[in-house]
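These notes concern the structure reproduced below.
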Amino acid sequence: MAMTMQLKLFFGRLRRRSEREEEEMMTEPPTISSCEHSTTSCERSVATTSSTCSTVLSSSSTLQRIDSSDAIKSEGTTSDCPSCWLCLEEGSDTSGKPLIRNCSCRGTSGYAHISCIVHYAEHKGRQGYGSSNHNFNNVCRYFKFCPNCNQEYQNDVQCDLSKAMVSFVERKLHDGTPRASYLRIVALVDRLFVLSAGSNNEGTSEGQVICSKLMFLMDGMDSVMKARTYYALGCFYGSSGSLKKSKAYLETARNLLQDADDDSDSSVRDIADIEIKLNCSNASSDVDSLRSRYEETLAKSGRETTLTIDAGVALAKALHSSDRHIEAEKLLANLVATSRRVHGQDHHCTKSAATALQGLKNELLEDPSSTDSEFGDIDGWFKSI
């Protein structure tokens, strides 16, 4: 009986032990092989997810690049369309006049409507006239100089604005004071110089009217202003073909400047220019005077200014006239490259230098023997190099 009870207890313990082992087998961690299998599955899952994410990111990046390029293209398209820097409008103004630019601005900057420039210049002129320092530069500067590149307006824009400047001074600044009279004289003289430099005769009648006004206003001028006025008169009559009148006025202007003993740059430059005009028949004297002027302007203003380039073109033309063709061609080539880089292809300095250079080359092609005289004289050859 006791033996039987011991056997039952033994088998009961054995069964319970077996059940515990089965339960432990059901709940124990996976084996190494099952871990490797599980890891491989996880890697595949991660790889698939990563691949999917990469595809999504790649697609997102592609979309972002496309959007960016489209944005850049859109911005480029917008910036490629010039607009008026004053009213910010594109295209023509309300009167149908297009955007213009005739200064040294580059790219899409500097474009404006002529009506906007006039309105802006008049506003600045009224401010300048009301200030304590109401000289010509403060009142009329914005009719002459672009405020963006600080260079003078050129060609048609210069012509239109010089006319608008005279109108502004005569309409708005007519309070009868000496300063108003002075500003009127300066504006008329400036307009006469612009008309003198024009390539057509459309301004002849207007120039005659201005000459009459200046002669009437002559009594109230100081000697330097009188000299400047006579200089403008001489240039105008010279451009219109009245050479005797031109010579008489230029001589008067020179004498007044010399008697005034004015050492300012403008007076010195005016005397040099007048001497050149009066001595234009003497080629060697013309070259010497123009060379001195060019070197002086180069030293004071630098190589890239319009004054220096214009002086260089005048010197090159004189050199060409005196058969110093190689020196003239080298100088013109340098002037064209400088002006094109600094002021742009359409600036009057660039056009003037390029036209002179092309004319010189064409003449040498038509008459190659013209260079023989330059090398026939050994002194001329040394001067040319």
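Just a few scattered comments:
- Stretched out straight at 0.36 nm per residue, the stretch from residue 215 to residue 288 would grow longer than its current Cα-Cα span by 22.9 nm.
- The Cα trace of the stretch 164-226 gives Rg and Dmax of 12.0, 36 Å, the first to one decimal, the second as a whole number.
- With θ taken as phi - 60° and the Karplus curve 6.51 cos²θ - 1.76 cosθ + 1.60 applied, the whole-hertz 3J(HN,Hα) list for the stretch 346-351 is 8, 5, 5, 5, 5, 5 Hz, x standing for glycine and proline.
- Environment charge of residue 339, counting only residues whose C-beta is closer than 14 Å and scoring Lys/Arg +1, Asp/Glu -1: +1
- Highest mean packing first, where packing is the average number of other Cβ atoms within 10 Å per residue, the peptides 328-340, 288-300, 222-234 line up as 222-234, 328-340, 288-300.
- The trypsin sites (Lys or Arg not before Pro) of the stretch 92-184 that DSSP puts in a loop, and whose beta carbon has at most 16 other beta carbons within 10 Å, are 106.
- With N as its number of residues, the stretch 86-172 has a Cα radius of gyration that, divided by 2.2 N^0.38 Å, comes to 1.07.
- Given 124/226; 97/245; 213/351; 245/300, the pairs whose alpha carbons are separated by over 31 Å: 97/245; 213/351; 245/300
- From phi via Karplus (6.51, -1.76, 1.60), per-residue ³J(HN,Hα) for the stretch 326-338 in Hz, x at Gly/Pro: 5, 4, 5, 5, 4, 5, 5, 4, 5, 5, 4, 4, 5
- On a per residue basis, the stretch 188-237 carries 46 Å² of accessible surface, using protein heavy atoms and a 1.4 Å probe.
- Residue-span extension gain [residue 330 to residue 156] - 0.36 nm each, minus C-alpha spacing: 59.6 nm
The values are calculated or read from the model by the stated rules, or taken from the named source; none is laboratory data. As the structure is a prediction and not an experimental result, all values here were calculated from the model. All Cβ positions, even for glycine, are placed from backbone atoms using ideal geometry, and neighbour counts span all protein chains on display. The area values use the complete protein model at the heavy-atom level, side chains included, leaving out ligands, DNA and RNA. Shrake-Rupley method; radii C 1.70, N 1.55, O 1.52, S 1.80 Å.
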